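Reviewing the structure listed below.
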Amino acid sequence: MVYKKQYNQYGQQSFNGPYAQGHYQQPVYNQPPPPKKSGATYTKISKGKFEGFTIVNAWNKSRKGLVTATVAPYHASGDLVTSDKGNEYIKMIASLKYERTGNEKLMPCLMNLKTKVIVLKEISMVITPNGSGRTASGKKATGYFGTMFKK
């Protein structure tokens with residue numbers, strides 16, 4: 001790369017390269033990853049009417065405040081829903097709680113049996129077991145509960 005030689009008002013030579021006038025920043029190595037701001041825990045139900053089904057507890061910390069979700073089977077959960085592509089889903093009910101306002105919301109949803117992904121279409125959010133990291137307090141967290149991203 002060719003840098004032009006420039007002269008300042010005192011006749012001293014200066015360069016317009018990356019090291020000129022202190023604009024070069026040292027690279028930062030071994031910087032810790034940012035803290036995790038969402039998570040989801042998948043648990044198998046061991047007793048009761050819905051034994052063998054999965055219950056999901058998820059949380060998301062954002063500008064809106066803390067949002068917690070509990071996704072559980074309900075009376076219509078025995079029916080499987082099959083999509084045109086052949087994916088199988090199970091009907092579930094999601095209970096959302098917004099900690100800042102205290103509002104609670106119930107909504108039906110579907111969980112993909114193969115991937116365990118739950119889509120909450122009404123609020124454009126998704127819950128998935130993929131993802132891991134540590135929270136700001138250092139606790140290990142797995143899963144993701146947040147906005148949907150199209151690939």
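Any idea which residue in region 131-151 is surrounded by the fewest Cβ atoms within 10 Å (Cβ to Cβ), counting only those that are within 14 Å of Trp59 (Cβ to Cβ) and aliphatic (A, V, I, L, M)? Result: Ala136. Per the listing Lys140, Lys121, the residue uniquely without any contact (Cβ under 8 Å) to a residue 60 or more places away in the chain and over 30 Å from Pro32 (Cα atoms) is Lys121. Determine if region 95-103 includes at least one residue that is among the aromatic types (Phe, Trp, Tyr) and within 19 Å of Tyr42 (Cβ to Cβ). Checked against the condition, which is being among the aromatic types (Phe, Trp, Tyr) and within 19 Å of Tyr42 (Cβ to Cβ), region 95-103 yields no hits at all.
Of the listed requirements (1) touching a helix residue (DSSP H, G or I) at 6+ places or on another chain (Cβ under 6 Å); (2) touching a residue at least 60 places away in the same chain (Cβ under 8 Å), Phe145 misses just one: (1).
If we scan region 110-117, do we find a residue that is modelled with pLDDT of 90 or more, hydrophobic (A, V, I, L, M, F, W, C), more than 30 Å from Pro34 (Cα to Cα) and in a loop (DSSP other than H, G, I, E, B)? Yes, some residue in region 110-117 is modelled with pLDDT of 90 or more, hydrophobic (A, V, I, L, M, F, W, C), more than 30 Å from Pro34 (Cα to Cα) and in a loop (DSSP other than H, G, I, E, B). For region 98-107, a residue qualifies if it is in contact (Cβ under 8 Å) with a residue 24 or more places away in the chain and in a strand (DSSP E or B), and exactly one does: Tyr98. Could you grab me the full set of residues in region 60-82 that are among the aromatic types (Phe, Trp, Tyr) and either without any contact (Cβ under 8 Å) to a residue 12 or more places away in the chain or buried (at least 19 other Cβ atoms within 10 Å of the Cβ) (or both)? None - no residue of region 60-82 is among the aromatic types (Phe, Trp, Tyr) and either without any contact (Cβ under 8 Å) to a residue 12 or more places away in the chain or buried (at least 19 other Cβ atoms within 10 Å of the Cβ) (or both), so the list stays empty. Pairs are defined by a Cβ separation below 8 Å, a sequence spacing of at least 6 or placement on different chains, a first member in region 45-58 that is within 18 Å of Ala141 (Cα to Cα) and among the polar types (S, T, N, Q), and a second member that is surrounded by fewer than 17 Cβ atoms within 10 Å (Cβ to Cβ) and modelled with pLDDT of 90 or more; the pairs so defined are Asn57/Thr41; Asn57/Thr43; Asn57/Thr68; Asn57/Thr70. Filtering region 104-130 to residues that are surrounded by 15 or more Cβ atoms within 10 Å (Cβ to Cβ) and on the phi > 0 side of the Ramachandran plot leaves only Lys116. Test Ser46 against the criterion of being within 22 Å of Met148 (Cα to Cα) and small (Gly, Ala, Ser), and give yes or no. Criteria not met by Ser46.
The values are calculated or read from the model by the stated rules, or taken from the named source; none is laboratory data. None of the values given here were measured: they were computed from a predicted structure. Note: ideal-geometry Cβ built from the backbone for every residue, glycine included; neighbour counts use all protein chains shown.
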